Amino acid sequence: MSLHIDAQQPSRIAKFATGSDMDSERTATDAGDESDVTCASCKASCCRLEVMILGEDDVPPDLTEVDRWGGLIMVRGDDGWCAALDRKTMLCRIYERRPTVCRDYQMGGTDCLAERSRTLPS
């Protein structure tokens with residue numbers, strides 16, 4: 001499955017098979033049924049991750065900084081959120097220009113589920 005996060009269309013749903021070790025809100029039965037994960041129900045959990053800027057990205061320069069290894073990354077505020085995230089709507093302010101890393105982040109994928117379980121209340 002190859003879905004992209006679509007913060008402008010938060011009703012998009014990713015289907016995924018789950019295991020029994022996750023909480024019941026985000027999991028299906030042990031039989032492997034599918035559950036729904038949406039960006040709308042997530043409150044931008046992935047927007048606290050460090051995002052590397054790749055050569056083809058067209059991110060506004062004022063939202064980027066150089067990391068300690070010399071790579072270009074998205075700026076994060078003192079609160080840990082990406083500088084491009086609108087704190088009121090929890091949507092990306094530069095959605096059409098968002099980095100490739102954000103475009104390719106799999107909604108409902110392993111990394112998404114791990115970040116959701118780490119940041120969302122139980």
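A few notes on this one:
Table: residues versus (1) within 13 Å of Met107 (Cβ to Cβ); (2) modelled with pLDDT of 60 or more.
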| residue | (1), (2) |
| --- | --- |
| Thr29 | no, no |
| Asp33 | no, no |
| Ala40 | yes, yes |
| Glu50 | no, yes |
| Leu54 | no, yes |
| Pro60 | no, yes |
| Glu65 | no, yes |
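- Scan the range 90-102 for residues that are modelled with pLDDT of 90 or more and either assigned to a loop (DSSP other than H, G, I, E, B) or of a type outside the set (A, V, I, L, M, F, W, C) (or both) and the total you get is 8.
- Lone unmet requirement of (1) among the small types (Gly, Ala, Ser); (2) surrounded by 16 or more Cβ atoms within 10 Å (Cβ to Cβ); (3) closer than 19 Å to Arg118 by Cβ for Ala83: (3)
- Single unsatisfied condition, Arg97 versus (1) loosely packed, with under 15 Cβ neighbours inside 10 Å; (2) more than 16 Å from Cys39 (Cβ to Cβ); (3) under 14 Å from the mean Cα position of the chain (by Cα); (4) not aliphatic (A, V, I, L, M): (3)
- Residues in the range 50-62 that are surrounded by fewer than 17 Cβ atoms within 10 Å (Cβ to Cβ) and farther than 22 Å from Val37 by Cα: Met52, Leu54, Gly55, Glu56, Asp58, Pro60, Pro61, Asp62.
- Hey, Val75 in contact with an Asp or Glu (Cβ under 9 Å, 6 or more places away or on another chain), at pLDDT below 95 and β-branched (Val, Ile, Thr) or not: no
- Inter-residue pairs, beta-carbon under 7 Å, first under 15 Å from Met74 (Cα atoms) and in the range 36-50, second assigned to a helix (DSSP H, G or I) and hydrophobic (A, V, I, L, M, F, W, C), 6+ apart: Cys46/Cys112
- Residue check, Arg68 in a loop (DSSP other than H, G, I, E, B) and over 11 Å from the mean Cα position of the chain (by Cα): yes
The values are calculated or read from the model by the stated rules, or taken from the named source; none is laboratory data. Computed from a predicted model, the values in this text were never measured in an experiment. Because the Cβ atoms are built from the backbone with ideal geometry, glycine has one as well, and the counts that use them run over all protein chains shown.
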